[in-house]
There are 2 protein chains.
Amino acid sequence: MDTATKPIGCLQAATDILGDKWTPHLLRYFINEEIVRFCQLQDLTGGINPRTLSSRLTALEETGIIKKIISGPGSRCEYKLTAKGHDLLPILQDMEAWSDKYAPSNA
Amino acid sequence: MDTATKPIGCLQAATDILGDKWTPHLLRYFINEEIVRFCQLQDLTGGINPRTLSSRLTALEETGIIKKIISGPGSRCEYKLTAKGHDLLPILQDMEAWSDKYAPSNA
DNA sequence: CAGCATCCAGAACGATACTG
DNA sequence: CAGTATCGTTCTGGATGCTG
């Protein structure tokens, strides 16, 4: 892969994650929450399909953006950001600022 | 829509654009080029489907991120970023930096 | 509570060929 | 050069119901 004519690929890792339908929104919740649970996300998103949520969470865990923590009885578990995930937050916030600036009442 | 429980929607505008498969890469070329042509993009991307490229360009134009400029004879035309589009570049660069930091030799 | 399984509608994208 | 037309495939994600 020649970097001269094809300097892409660099963006790939970020777009792979942020390009999925729910992921940016999901990640957004970590800005204020730090630790989030499955059912919380279902709730916050207004009823995301558990299948979708599960797959997003799995992908995020596999790419090392979040970490799953089994906590307590009754299948209670929590998700929190890793350092890698934390570094994503400023980008999310910039995206949000941009959206807000150019599409304030975005339908 | 209640902003308390559903503070989303803000990210939407950005993710709608950056979520498409080629768009971030396409935009990336504007960092160095300023003015880009259809065939250049086809070339730079390594042969993106013209149908796809066309639809991306149309979408970008409709959201006011790029501007199409008919220039010269022979269907020659060019695309350049608007102010709105320019404001997207830092985000792209951050995404690139992030990708580079956490997935250097990203396959 | 935290998922997984199955089924399915529709969007996204590539290949290829053709036009103003 | 800058697209459009057509076709087909693949991938995504929603609905719904079940399980550890």
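A few points about this structure:
- Relative pair counts by distance (%), Cα atoms of the range B:53-103, 5 Å bins: 5, 18, 18, 19, 16, 12, 7, 3, 2, 0
- For chain A, the relative contact order is 22 percent, taking Cα pairs closer than 8 Å that sit 6 or more residues apart in sequence and dividing their mean separation by the residue count.
- Net charge dipole, the protein assembly as shown: roughly 380 debye, given to the nearest 20, about the Cα centre with Cβ charges of +1 for Lys and Arg and -1 for Asp and Glu.
- Between copies, B:LYS21 shows label-point distances of 1.7 nm, shortest first, with the point placed 7 angstrom from Cα along Cα to C-beta.
- Test item: A:31-38 mean partner chain Cβ contacts at 10 Å: 0
- Simple point charges give the picture: +1 on the Cβ of Lys and Arg, -1 on the Cβ of Asp and Glu, and for chain B a dipole about the Cα centre of about 280 debye.
- Counting only lysines at least 8 places from B:LYS84 when in the same chain, those with an alpha carbon closer than 19 Å to its own are A:LYS101, B:LYS67, B:LYS68.
- Counting all C-alpha pairs of the range A:4-107, share separated by more than 22 Å (%): 34
- Working value for the protein assembly as shown: equivalent-ellipsoid semi-axes of 34, 19, 14 Å, each the square root of 5 times a Cα gyration tensor eigenvalue, largest first.
- Distances between copies of A:GLU62, taken at a point 7 Å out from Cα along the Cα→Cβ vector and listed shortest first: 3.2 nm.
- Degrees between helix B:89-102 axis and first principal axis of chain B (Cα, 0 to 90, nearest 10): 70
- Selected from B:TYR102, A:TRP98, B:SER75, residue furthest toward positive end of dipole (the protein assembly as shown; charges at beta carbon): B:SER75
Coordinate-derived values only; no laboratory data. Just so you know, these numbers come straight off a predicted model, no measurement behind them. FYI the Cβ positions are ideal-geometry reconstructions off the backbone, even for glycines, and counts take in every protein chain you see.
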